[in-house]
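S.K.: Here's a structure for you.
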Amino acid sequence: MPFTQPLLSGALQIVRWLNPPVCLLCHETHTGVRPICVACQDTLPRNPEACRKCALPLPTTSRQHTPRQFSSGSLIKTDAFFTRQKTRSSPSQQMVCDPCRHTPPIMTETLAPFLMRGAIRDLIHIWKFRYHPHLTPLLATLFAEASFHLAPRAANSPGILVPIPTHWDRMLHRGFDHTWLLAQALNQHIPCSPGVKSWLKNRERRVAQHRLSRAERLSNASACFRASPKMAGSAVIVVDDVITTGATASAAAQACIDAGARSVKVWCVARTPAPGLSR
Ligand SMILES: [Zn+2]
Ligand SMILES: [Zn+2]
């Protein structure tokens, strides 16, 4: 029926007009199609200048210098600017924090386009702890929009998406496997071949990371995964929702390398800044 689609679209618009969606974060009605309004989306704390190895925000002094843009729109570069550029290290070196430069992590790259605070923390908590699995596509979309703007190479470097496994009793309590759903949703944005694979398993029962102190998290996460040998020779992308200390991601990456993975990247929605970091 040629009129079916316009009729459905019109009916949907009437329903939305009669019953406008309410933003999950500010609880105001809005006209958008997402579960959060545009104003709240604009407040999501970005992580635009981060170490490409661990995704921690870089200190101001480590960030790459960009020339000042004047009102004429032209970029005016002085001799002093070029002199500074010559004496600086390359951009790829600059985008790595000092700890990662001194002790390179096992993963080749970590992408975390948001900082775990404010609106994104509220959104992730609603998603995980108040049973809102339907927010998964929104989180994947936010990740894709933010991270591929930051790192276009990510969209061109597919690998096998391997979610950090959720322990069965936490999954039972939560009602869904959040990292598996997130990896599936990311695969809609970045079709990866052969897609999402549950090739990481928990080796032992772990206490929920969010209940532990920083020191406890580091020891709790170590050596708690085993990876399938099926990933041998492949590029693997480990998927998690949040990186707090990096211990879980590092343990997962190490298990993948031990199983023969050619390389391991980590994609997560948000990164908890290091203690004492103000931004
Ligand atoms: Zn809102
Ligand atoms: Zn780093």
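No value in this document is a laboratory result; all are computed from the given coordinates. Since we're looking at a predicted model, the values are computed, not measured. Quick reminder, even Gly has a Cβ in these numbers, built from the backbone with ideal geometry, and neighbours come from all protein chains shown.
S.K.: Working out 0.36 nm times the residue gap between W17 and A39, then minus their Cα-Cα distance, what length gain in nm do you get to one decimal?
M.R.: Computed gain between W17 and A39 is 6.0 nm.
S.K.: Then there's this: Going by how many other Cβ atoms sit within 10 Å of their own, how do D177, D98 line up, fewest first? Could the numbers behind the result be given before it?
M.R.: Values: D177 18, D98 11.
The order, fewest Cβ neighbours first, is D98, D177.
S.K.: Going by amide H atoms built from the backbone, whose H comes under 5 Å of the H on C224, apart from near neighbours?
M.R.: none
S.K.: Okay, moving on. Taking the number of other C-beta atoms within 10 Å as the exposure measure, put F114, F176 in order starting with the fewest.
M.R.: Result, fewest neighbours first: F176, F114.
S.K.: For R262 and Q5, compute 0.36 nm times the residue count separating them, minus their Cα-Cα distance, and round to one decimal in nm.
M.R.: Contour length minus Cα-Cα distance gives 87.8 nm.
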